[in-house]
Amino acid sequence: MPSSPCAPEEVRRVACVGAGVIGGGWVAHFLARGYDVTAWDPAPDAEEKLRRLVAAAWPALEQIGLADGASPDRLTIAATVAEAVADAQFVQESAPEKLELKRSLLAQLDAAAPPGVVIASSTSGYPMTDMQTEAADPGRLVVGHPFNPPYLIPLVEVVGGKRTDAAAVEWASRFYKVAGKSVITMERELPGFIANRLQEALWREALHMVANGEATVKEIDDSITEGPGLRWAFMGPCLTFALAGGDGGMGHMLDHFGPSLKSPWTRLEAPELDDTLRAAMVDGCDEAAGSRTIAQLVAERDQGVIDVLRATGRLPRQRTEGTDGIAHTPSTMGDEK
Ligand SMILES: NC(=O)C1=CN([C@@H]2O[C@H](COP(=O)(O)OP(=O)(O)OC[C@H]3O[C@@H](n4cnc5c(N)ncnc54)[C@H](O)[C@@H]3O)[C@@H](O)[C@H]2O)C=CC1
Ligand SMILES: C[N+](C)(C)CC(=O)CC(=O)[O-]
């Protein structure tokens, strides 16, 4: 791959190819961050749908803060895929999740985009190795997996394929950060990446329970929104479970509840919980906790749950006394702290 024509910080023009739920969400995100965006989508009603999506997202984007000069007017609709990427400095592909389509579209984008420009696919599960087979320059093709909606959910998982240049992965990771995303750069390919692999495990169990009449869809959804989901918004499943071990942390939690991995709660094959896995879990949780004690983490978790309850309207927003003596309701969660 020739080196990228510009640094991630210098990017001004982004192309979004495929403008449905995710491509449209990317368009809204990049516009809000002050980029010029060119979009292309073959559907006859794509432009109208895209402009509607951006208009609907804009009030939320205004609330969380627009970049200087950001405007929906900086969106251009291209007539052809080649025109969309002709002078792009970064390309985000969000076409339907069909392997053959992705393969040929990525080859088309590679042929039309300026040399060296990084092209990212939003695929939610295909390894790039399987998608880059037809491109003349596979070195610049990466996965940039977003979460719906990409203009509000920060995470992007970035990973290359076997023929991707390491510099392209590094460039894309830096670019997404500059563009306001929270990035996990994966060193090796995994089908489903990290988050979807986790989500799919949960999803698979949910489908088993519904199919067997063991739980209703509402019970499954409530079990997450009224339970673990409240914690997951600010503390991941590993550190959360370390707190289930009390002062003994993850070590005690595994000794206490580890054997239940083998119980028939799950429809999935459980991994062997050997000493190596145990040590990796304990070490990973210690690292995530950093200098924070269990007691500090407990306090942080509790405050986080309260904040989420407020933010989701299950608790009234805190009222503060203004200098005028009138009680004001703060407009954001941050104001409440
Ligand atoms: N929906 C979701 O929650 C998420 C989806 N993704 C990924 O994003 C990609 C797009 O998915 P969605 O936006 O959900 O699908 P969608 O069906 O909403 O949008 C796909 C768009 O691609 C267009 N399209 C059809 N053929 C095309 C072609 N040859 N070239 C360019 N565009 C074409 C369609 O007209 C449509 O507007 C997929 O790879 C999917 O796995 C990633 C994260 C989340
Ligand atoms: C449903 N999905 C697998 C396409 C979801 C994702 O890929 C990420 C998300 O938004 O949760």
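Every number here is computed from the coordinates shown, using simple stated rules; none is lab data. What you are looking at is a predicted structure, and each value in this text was computed from that prediction instead of being measured. Note: ideal-geometry Cβ built from the backbone for every residue, glycine included; neighbour counts use all protein chains shown.
Can you tell me which of 204-215, 20-31, 132-143 comes out highest on packing, and rank the rest after it, using the mean Cβ neighbours within 10 Å?
Ranked by mean Cβ neighbours within 10 Å, highest first: 20-31, 132-143, 204-215.
If you plug each phi of region 202-208 into the Karplus form 6.51 cos²θ - 1.76 cosθ + 1.60 with θ = phi - 60°, what whole-Hz ³J(HN,Hα) values come out, in order, with x for Gly and Pro?
For region 202-208, the Karplus curve yields 5, 4, 4, 5, 4, 5, 4 Hz.
Each residue of region 84-89 in order: what ³J(HN,Hα) in whole Hz does its phi give by Karplus 6.51 cos²θ - 1.76 cosθ + 1.60, θ = phi - 60°, with x for Gly and Pro?
Those phi angles translate into 4, 9, 3, 10, 6, 9 Hz.
For n ≥ 4 DSSP H runs only, could you compute -39500 (n - 2.57) per run for the chain, divide by its residues and tell me the 222 nm figure to the nearest 500?
Details: 14 runs with 151 residues, N = 337.
Taking each H run of at least 4 residues, the total per residue is -13500 deg cm²/dmol.
Order 58-65, 9-16, 228-235 from most to least packed using the mean count of other Cβ atoms within 10 Å.
Top to bottom by mean Cβ count within 10 Å: 9-16, 228-235, 58-65.
Considering the dipole of region 1-146 built from charges on the beta carbon (Lys and Arg +1, Asp and Glu -1) around the Cα centre, which of PRO127, LEU61, TRP40 is farthest to its positive end?
LEU61
For helix 46-64, what angle does its Cα long axis make with the longest principal axis of the chain, in degrees from 0 to 90 and rounded to 10?
It is inclined by approximately 50 degrees.
Distance between the C-alpha centers of region 136-197 and region 65-97? Whole Å please.
18 Å
With Cβ to Cβ distances under 12 Å as the rule, what net charge do the other residues near MET128 carry (K, R +1; D, E -1)?
Within the 12 Å Cβ shell, the charges total +1.
Of GLN296, SER263, MET281, whose Cα points farthest to the positive end of the dipole of region 248-320 (charges on the beta-carbon: +1 Lys, Arg; -1 Asp, Glu; origin at the Cα centre)?
Towards the positive end, the residue furthest out is GLN296.
Roughly what % antiparallel, to the nearest 5, for the DSSP beta bridges in the chain?
The antiparallel fraction comes to roughly 20 percent.
Per residue of region 28-45, what does 6.51 cos²θ - 1.76 cosθ + 1.60 with θ = phi - 60° give for ³J(HN,Hα)? Whole Hz please, x for Gly and Pro, Karplus curve as stated.
The phi angles translate into 4, 4, 5, 4, 5, 8, x, 8, 7, 10, 10, 10, 9, 8, x, 5, x, 9 Hz.
What dipole magnitude, in Debye to the nearest 20, does the chain give about its Cα centre under +1 on Lys/Arg Cβ and -1 on Asp/Glu Cβ?
It works out to roughly 320 debye.
For region 230-309 and region 1-52, write down the distance between their C-alpha centroids in whole Å.
Rounded to whole Å, the Cα centres lie 39 Å apart.
Would you mind putting 281-288, 149-156 in packing order, based on average other-beta-carbon counts within 10 Å, highest first?
The most tightly packed comes first, giving 149-156, 281-288.
What share of the DSSP beta bridges in region 103-246 is antiparallel, in percent to the nearest 5?
Here the share of antiparallel DSSP bridges comes out near 35 percent.
Between ALA201 and ALA311, what FRET efficiency comes out of the Förster formula 1/(1 + (r/R0)^6) with R0 = 25 Å and r the beta carbon distance, rounded to 0.05?
Details: r = 27 Å, r/R0 = 1.07.
Working from the Cβ atoms, E equals 0.40.
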